[in-house]
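Enquirer: Got a structure for you, questions after.
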Amino acid sequence: MLDTLSPAPLMRQPSEFRCRAAADERIPVVSQRLRGVPSGYDRSQLTMATTYSLIKQQQDEAATEFGRLLRRWRKSNGWTQYTAKRWASEAGLGEVVRHSGLSELERGITKSPRSVVFLSLANLNALVHQGEFKGVRSRDLLGQLKGSTAICDEAGEPWGPKEFWACHAGLLLPPAALRAPAASPAPVLTDDQAAELCTSWADQARESARAADSGPAGLIAAGGFAPPRLRQRWSGVLLGIDSFSPQELADQWDPEASEWRPSQWLAAWRESLIPAEPGGGVSFEPVAF
């Protein structure tokens, strides 16, 4: 989870920004799916369990899209998941945003974030919008932060906690500049290419594990960065005792990012091993087919 990053200036009670979000004209409802029944369903045949299942599916989809928004925002600013941590540490901002919490949000694993998540994101966003980077000493970090842009609405106002919450709930579209790009189809792989790709991921993982002196235990831990149903398989791939078939990999293509999701899992794990200090960590090149 996210810890707070000096959220006091923007602190509101969760119920307050939920109510304000519902009534705020800046937050239009983008889809009636969250308020009613999707077309094609016979209302008379719906049960409470069916309705709950539909709502749960919509919430999960919204959480996934919210995570993609955060990743697009971070990457558009050239941030790593450690940037906020370094910033907080150097500027004495108090509690920090943990890279693991951001990673889980970006991958859509965190479906029901606590209110403090939205407060923390809003505080970060406000500081970026204000260009408030006092206390940052590292030249590279300061240059990175000064080139950053905040998430703003059409009027140029930075998103606050209620906007972040509404987007996570599927009630607010991301700004146009941060919406999903055109999807790209998954590459068609042969059996040999799928095996080669899995071997490449395993080689990269072993290299990082050796550099971090974590050994096989580190590779097993890396499996935790995959979705729950694939964690054991992914650990097996990284240990070199399993591999994905071309059909399985086709399901793990991210059309928005134009890359394999296992590459994202691997990158998230490798980034968790990289120190926050400038120049730390192990560099690597992504593999693509």
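The values are calculated or read from the model by the stated rules, or taken from the named source; none is laboratory data. Note that the structure is predicted; figures quoted are calculated from it, not measured. Every residue, glycine as well, gets a Cβ built from its backbone with ideal geometry; the counts of neighbours run over all protein chains shown.
Enquirer: I'd like to know if the stretch 130-139 contains one or more residues that are under 25 Å from Pro174 (Cβ atoms), assigned to a loop (DSSP other than H, G, I, E, B) and in contact (Cβ under 8 Å) with a residue 24 or more places away in the chain.
Expert: Yes, some residue in the stretch 130-139 is under 25 Å from Pro174 (Cβ atoms), assigned to a loop (DSSP other than H, G, I, E, B) and in contact (Cβ under 8 Å) with a residue 24 or more places away in the chain.
Enquirer: Just one of Thr149, Thr110 is assigned to a loop (DSSP other than H, G, I, E, B), among the polar types (S, T, N, Q) and surrounded by fewer than 18 Cβ atoms within 10 Å (Cβ to Cβ); which is it?
Expert: Thr149
Enquirer: Can Ser214 be described as on the phi < 0 side of the Ramachandran plot and either at pLDDT 95 or above or surrounded by 18 or more Cβ atoms within 10 Å (Cβ to Cβ) (or both)?
Expert: no
Enquirer: Restricting to the stretch 154-188, name every residue that is closer than 16 Å to Leu127 by Cα and in contact with a Lys or Arg (Cβ under 7 Å, 6 or more places away or on another chain).
Expert: Pro161, the sole residue that qualifies.
Enquirer: Given (1) at pLDDT below 90; (2) in contact with a Leu (Cβ under 6 Å, 6 or more places away or on another chain), where does Tyr41 come up short, assuming only one miss?
Expert: Of the numbered conditions (1) at pLDDT below 90; (2) in contact with a Leu (Cβ under 6 Å, 6 or more places away or on another chain), the odd one out for Tyr41 is (2).
Enquirer: Failed condition for Leu173, given (1) in contact with a helix residue (DSSP H, G or I) (Cβ under 8 Å, 6 or more places away or on another chain); (2) buried (at least 16 other Cβ atoms within 10 Å of the Cβ); (3) part of a helix (DSSP H, G or I), with all others met?
Expert: Checking Leu173 against (1) in contact with a helix residue (DSSP H, G or I) (Cβ under 8 Å, 6 or more places away or on another chain); (2) buried (at least 16 other Cβ atoms within 10 Å of the Cβ); (3) part of a helix (DSSP H, G or I), the one that fails is (3).
Enquirer: Could you tell me how many of the residues in the stretch 149-168 are small (Gly, Ala, Ser) and touching a helix residue (DSSP H, G or I) at 6+ places or on another chain (Cβ under 6 Å)?
Expert: Here the count works out to 3.
Enquirer: Okay, next question. What pairs come up if the first residue lies in the stretch 106-122 and is closer than 17 Å to Gln59 by Cβ, the second is assigned to a loop (DSSP other than H, G, I, E, B) and not charged (D, E, K, R), and their beta carbons are under 7 Å apart, counting only those six or more places apart or on different chains?
Expert: Arg114/Met1; Val117/Met1; Val117/Leu2
Enquirer: Quick one: is Ala166 in contact (Cβ under 8 Å) with a residue 12 or more places away in the chain, in a helix (DSSP H, G or I) and assigned by TED's automatic domain parsing to the domain that holds His129?
Expert: Yes.
Enquirer: If a residue must be over 14 Å from Ala194 (Cβ atoms) and either touching a residue at least 24 places away in the same chain (Cβ under 8 Å) or of a type in the set (A, V, I, L, M) (or both), how many such residues does the stretch 235-251 contain?
Expert: Of the residues in that region, 4 qualify.
Enquirer: Can you name every residue in the stretch 231-271 that is at pLDDT 80 or above, touching a Ser or Thr at 6+ places or on another chain (Cβ under 7 Å) and surrounded by 15 or more Cβ atoms within 10 Å (Cβ to Cβ)?
Expert: Val237, Pro246, Ser258, Ala268, Arg270
Enquirer: Is there any pair linking a residue in the stretch 172-193 that is basic (Lys, Arg) to one that is surrounded by 13 or more Cβ atoms within 10 Å (Cβ to Cβ), with Cβ under 9 Å and at least six apart or on different chains, and which?
Expert: Arg179/Leu69; Arg179/Arg72; Arg179/Leu173
Enquirer: Out of Ala155, Ala126, which single residue is assigned by TED's automatic domain parsing to the domain that holds Leu69 and assigned to a helix (DSSP H, G or I)?
Expert: Only one candidate qualifies: Ala126.
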